[in-house]
Every structure is written in structure tokens, then in C-alpha cells.
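Visitor: The structure under discussion is supplied below as C-alpha cells; questions concerning it will follow.
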Amino acid sequence: MSDLVQTPSSITITRPDDWHLHLRDGATLASVLPHSARQFARAIVMPNLKPPVTTTAAAVAYRERILAALPQGMDFEPLMTLYLTNNTQPDEIVRAQESGIVHAVKLYPAGATTNSDAGVTDLSNCYKALEKMQELGMPFLVHGEVTDQDIDLFDREAVFIERVMRPLRRDFPALNIVFEHITTKHAAQYVAEAEGPIAATITAHHLLYNRNDIFKGGIRPHYYCLPVLKREEHRLALVTAATSGDERFFLGTDSAPHAQGAKEAACGCAGCYTALHAMELYAEAFERAGALDKLEAFASLNGPAFYNLPVNEGKITLKREQWTLPEALPLADQQVIPLNAGETINWKMV
Ligand SMILES: NC(=O)N[C@@H](CC(=O)O)C(=O)O
Ligand SMILES: [Zn+2]
Ligand SMILES: [Zn+2]
């Protein structure tokens, strides 16, 4: 008798959601939105536009632009977020909560990542707003990296846990927190073991790749994102967390479109574009871990439970079928190079 587990040729799960997505705005939004709307029923939409989405009024207007850009016949619900600044007032949190369309507030430590210049320089500036969020049950989404230039780039997430996350959670033990796009064994372990309301999103690329992939045969800018890919031991810890069934871990693609020229540059932007084929990449990662049976919890059930939203009604099917990704996709009047451009992958969403 063989103990080899046969991979199923297809898998059908509840329609998934993307709990961390960059849709941008204008013509770029129109280019990328159909990809996400095909893959996901809903998405937590990141507010790091230029200028950032710092008010409920701006979030309402942005949501309307997203819905206006949605092709006829597609069914997709954008879940809006506010960009926290040093000056965000508790009143703004109340307005956000009352709007019914803002589902979270996002922390960008100033200078940590793309369009974070208006971000928070010190969380102590935000304690009134955080108190209000805790009181109202408004989730706080955290880009968890310190920005000190004297901290090694690869250590910034682990240092953030000690310097920012622990004090934050000590001072606001009932605040609902999502540690966004975790990349280290330190973050995975911290989230799995912490007491109180905390969860984490994990991208497909952090489940599939490690930092060697950024430098395979030369520098590969399309594998550069923040937080940057880490060592293999960290990737393995993320796979263990995602496939554990622990409801604290759920799907967030962090698909982040940048024009080809902005990535293939002397100072290239951070962000991987996976909106076209995200579920296929997650299926690949879960299959390799022998855990396809855990994909539905991670992609479709754990996120709604954390955000206190209903689970989607529809289903999607992923087939074991090879297909080749395009070399490039239109992005406004330029193009975006998707992750895995020109490569053949093993799963296909029907
Ligand atoms: N992840 C990235 O590398 N980039 C994101 C910003 C972010 O999520 O930190 C972007 O907006 O391009
Ligand atoms: Zn981020
Ligand atoms: Zn992001």
C-alpha cells in the first residue's frame, strides 16, 4: 500500500476574500480591479493613495470610484479603511464606525513602505484615536516594521514586535489588531501565542518564496516587496501558520501594482502584483504542504470571523491545470509585470 496522498484534480471552496489589497485609483484602479473581483468577493482596500485616505468622507468617495470602475456583471464589495496619521481625531473614528463602510484603520509607520510619508511618526500621538477604536471595536491593521535605518532591513519586523506591538497591546488589550503581511517566524509565533484579539494576514508570495528568489541569477525586482522576503526558516513558519487551521491566520494578498518602469529602476518600488492568480498561488502553497483541506478556512472563513462579517454564499473551483501567465498586463497607459510572468503554474481558477 502506498502512503502517497493523491492530490485532488480540483477543489471547490466557499468564495474567498482578500483581507489586504492595493487597488490604487483612476486608470490604474480600472486596470487591476477586474482581476481581484474575479478572484475575491470582498477585499479590505488599503488607503495608501496619494493623498492618503484619512477621512471617512474620502473613504466614501473612494468606494464610489471603485464601484464605478467595476465592470458590469461583476460582484465585488470593497471594504474601506482609513489611513491613520499623527492627527487623526477620535471624532473621525466615530464617523468611520457610523458610516458602515469603513471596516478598519491602518497604521503605516512613517517611511516604512510605499506612500507612507504621511504615516505615524510615534504611536503615542494616536492614543486618543486608539482608545476610541478599542471602545468601538474598530480593527487596527498594522504594517509591522520599525523604520530605523540602523536596524537591519531583515530584522525590522522582529524588532517591531518588541518595540511597538507589545507596548501597544499592553496599553490596548481589547483592541482588535491585524498584524499585516507577516514574514517571520517571530511574527507567526507571536500571533499564535498572544492573548486577546489579534490575527495576521499572510501573502501567497511569502508562502512560496524566500529571499534567495530576489537574487536568483541577478536582481529580480518583481520579487521585491515590503516587508521583504526572508530566510527559508521563516517561509516554513508561515506555511505552518497558514495551514494550521488556526483562525487567527487568514488570506491577504498584498497585491500591489507598480508600473514596470517604477520597479525595473535604480531605486525600484516595493510591491508584488498577484491579483490575477492569487488563489492559484495559495492552492500551490497549500498543496505543497499537503494541506489543501485547510485552504477554505484560511481563504474564506477565518477573515469574516475576525471582521464579524458573514461568510460568502458562492463557491469557487480551482482545477489542477497548467497555464502560462502573461509576460505583462495593462496598467493605465503603462504595464505591470505580474509575479510569475511567463511562468507555467499548476492550478487554475475556473
Ligand atoms: N507591500 C509592498 O511592498 N507595497 C505596498 C505597501 C505595503 O503594503 O506595505 C504598496 O502599496 O505598494
Ligand atoms: Zn504594508
Ligand atoms: Zn500592502
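The values are calculated or read from the model by the stated rules, or taken from the named source; none is laboratory data. Predicted, not measured: the structure shown is a model, and the values here were computed from it. So basically every Cβ, Gly included, is an ideal-geometry build from the backbone, and we count neighbours across all protein chains shown.
Visitor: Applying the selection to the range 170-181, what residues are more than 17 Å from Ala237 (Cα to Cα) and either under 21 Å from the mean Cα position of the chain (by Cα) or within 16 Å of ligand 1 (Cβ to nearest atom) (or both)?
Guide: Leu175, Asn176, Ile177, Val178
Visitor: Take the conditions more than 16 Å from ligand 2 (Cβ to nearest atom) and either within 26 Å of Ile337 (Cα to Cα) or modelled with pLDDT under 95 (or both) and apply them to Val45. Does it pass?
Guide: No: the conditions fail for Val45.
Visitor: Need pairs with beta-carbon distance below 9 Å; first residue among the charged types (D, E, K, R) and within the range 295-311, second buried (at least 19 other Cβ atoms within 10 Å of the Cβ) and modelled with pLDDT of 95 or more; sequence gap 6+ or separate chains.
Guide: As it stands, the answer is Glu296/Ile11; Glu296/Ile13; Glu296/Pro16, since those pairs meet every condition given.
Visitor: Restricting attention to helices (runs of 4 or more DSSP H) lying wholly within the range 246-347, give those where 2 or more residues are buried (at least 17 other Cβ atoms within 10 Å of the Cβ) and among the aliphatic types (A, V, I, L, M).
Guide: In the range 246-347, the matching helices (runs of 4 or more DSSP H) lie at 278-288.
Visitor: Within the range 219-245, track down each residue that is surrounded by 20 or more Cβ atoms within 10 Å (Cβ to Cβ), more than 16 Å from ligand 1 (Cβ to nearest atom) and basic (Lys, Arg).
Guide: Result: Arg235, single match.
Visitor: Let me ask something else. Return yes or no: is Ala270 within 16 Å of ligand 3 (Cβ to nearest atom), modelled with pLDDT of 95 or more and either charged (D, E, K, R) or more than 18 Å from the chain's Cα centre (by Cα) (or both)?
Guide: Taking the combined requirement at face value, the residue does not satisfy it.
Visitor: Still on this structure, please answer the following. What number of residues within the range 113-148 satisfy the criterion of being in contact (Cβ under 8 Å) with a residue 40 or more places away in the chain, out of contact with any Pro (no Cβ under 9 Å at 6 or more places or on another chain) and over 17 Å from Leu175 (Cα atoms)?
Guide: 1
Visitor: Still on this structure, I have one more. If I ask for residues that are within 14 Å of ligand 2 (Cβ to nearest atom), over 15 Å from Pro304 (Cβ atoms) and of a type in the set (A, V, I, L, M, F, W, C), which ones from the range 16-42 would you list?
Guide: Within the range 16-42, just Leu21 meets the criteria.
Visitor: Across the range 82-110, which residue is nearest to Lys50 (Cα to Cα) among those that are within 15 Å of ligand 3 (Cβ to nearest atom) and out of contact with any helix residue (DSSP H, G or I) (no Cβ under 7 Å at 6 or more places or on another chain)?
Guide: Result: Tyr83.
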